[in-house]
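Structure first, commentary second.
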Amino acid sequence: MTPPAPGRPARRRGAGAKTRGWAGWLFVVPALAFYAVFVLRPISLTFQYSLYRWDGIGPSTWAGLANYGKVFTDPALYDSLINAVKLIVFFSAVPVLLGLAIAATIRRIAHTRLAVVARTVLFLPQVIPLVAAGIAWSWLLSSTGAVNQFLSLLGLGGVTRAWLGDLSTALPAVGMIGAWVLLGLCTLLLLAGMSKIDPALYEAARLDGAGAWREFVSITVPSLRQEIAVCVTVTVIAALASFDIIYISTQGGPGNATMVPGLQIYYLAFSEREVGMASALAVVLMLLVIACALPIQWFTKDGKR
């Protein structure tokens, strides 16, 4: 009996691999089509609209880069970008740093009932709709709200004010609402990362005489590089793209003290009928998000090497 030619099995294997490759693409095509229609197409249309002056109904006129120039020269538009950057301190730095401290504390009491209660309470803001949270905090921070009443009971009536209606405190007040919303998410992400750290590392550190602070700085934080990067990325994007809470609590006021790009885009497109300008601001906001997110991802990858 003549043995099969050596090349035939290879050809069969190559044909099978090619068939499996095409089958894999068939599974991917629906997702790619969905992404192209609902993500790439709107982005391309937004960029196209940003080059025109258009009210959304009538004929449009070519504007070139004039809309982008106005974004950086009009104080109302430029200040909204600055406010979004300022919110990063509250939306990102506060939840991540406070989340690290809370997660480390919960980890030490992980086997107690208090730890379960703490995780549940901290995660509640993620379950509550942002609209409801904005309304509730508007009541709490009003001139006759619970916050001012509590301060008055402590003898601090001189510092009470309408926190969301004061030019100097409106943006920090909105920022603290955002920090409250994102704190539970950051805490649970960091707590999940801490559960993957080898307990032997902590035992070795204790044998060397390391205290709780040294363990936290030398073992916990370096081991959570990826989780911290995820938390920072999510919270930075939330700060730059904030809309819900600000629209419900202040609507960008008082004046433009809490005006952010997302809210400004909404007003430009649907109230002032300047679709081209709104699209230009949306493109700038998208580039700003990318410019903030990419370095964080690069730093994470650099840490893996």
> Is it the case that ILE246 is over 20 Å from GLY175 (Cα atoms) and either part of a helix (DSSP H, G or I) or among the small types (Gly, Ala, Ser) (or both)?
Replying inline: no
> Is it true that ALA93 is small (Gly, Ala, Ser), closer than 29 Å to ALA229 by Cα and surrounded by 12 or more Cβ atoms within 10 Å (Cβ to Cβ)?
Replying inline: yes
>> Any residue at all in region 276-292 that's surrounded by fewer than 19 Cβ atoms within 10 Å (Cβ to Cβ) and either more than 21 Å from the chain's Cα centre (by Cα) or outside any helix (DSSP H, G or I) (or both)?
In response: no
> Would you call ILE135 surrounded by fewer than 18 Cβ atoms within 10 Å (Cβ to Cβ), in contact (Cβ under 8 Å) with a residue 60 or more places away in the chain, touching a helix residue (DSSP H, G or I) at 6+ places or on another chain (Cβ under 7 Å) and not aromatic (Phe, Trp, Tyr)?
Replying inline: yes
> Which one is nearest to the chain's Cα centre (by Cα), of the residues in region 64-87 that are surrounded by fewer than 19 Cβ atoms within 10 Å (Cβ to Cβ) and among the hydrophobic types (A, V, I, L, M, F, W, C)?
Replying inline: VAL85
> Being in contact with a helix residue (DSSP H, G or I) (Cβ under 6 Å, 6 or more places away or on another chain), modelled with pLDDT of 90 or more and not in a helix (DSSP H, G or I), is that true of even one residue in region 174-190?
Replying inline: no
> THR250: under 22 Å from the mean Cα position of the chain (by Cα) and either of a type in the set (Ser, Thr, Tyr) or modelled with pLDDT under 90 (or both), yes or no?
Replying inline: yes
> Within region 92-139, how many residues turn out to be within 21 Å of GLY175 (Cα to Cα), not in a loop (DSSP other than H, G, I, E, B) and not polar (S, T, N, Q)?
Replying inline: 25
> Given THR187, THR160, which one is surrounded by 17 or more Cβ atoms within 10 Å (Cβ to Cβ) and either more than 19 Å from ALA110 (Cβ to Cβ) or touching a residue at least 60 places away in the same chain (Cβ under 8 Å) (or both)?
Replying inline: THR187
> Which of (1) touching a helix residue (DSSP H, G or I) at 6+ places or on another chain (Cβ under 9 Å); (2) among the small types (Gly, Ala, Ser); (3) free of Cβ contacts under 8 Å to residues at least 40 places away in the same chain; (4) in a loop (DSSP other than H, G, I, E, B) is the odd one out, the single condition SER218 does not satisfy?
Replying inline: (4)
>> So for region 170-183 (the condition being surrounded by fewer than 15 Cβ atoms within 10 Å (Cβ to Cβ) and either under 19 Å from ILE245 (Cα atoms) or small (Gly, Ala, Ser) (or both)), does at least one residue qualify?
In response: no
>> Can you tell me which residue is farthest from TYR52 (Cα to Cα) among those in region 263-273 that are surrounded by 20 or more Cβ atoms within 10 Å (Cβ to Cβ) and not β-branched (Val, Ile, Thr)?
In response: LEU263
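The values are calculated or read from the model by the stated rules, or taken from the named source; none is laboratory data. All figures in this text were calculated on a predicted structure; none of them were measured in a lab. Reconstructed Cβ throughout: ideal geometry from the backbone, glycine too, with neighbour counts over all protein chains shown.
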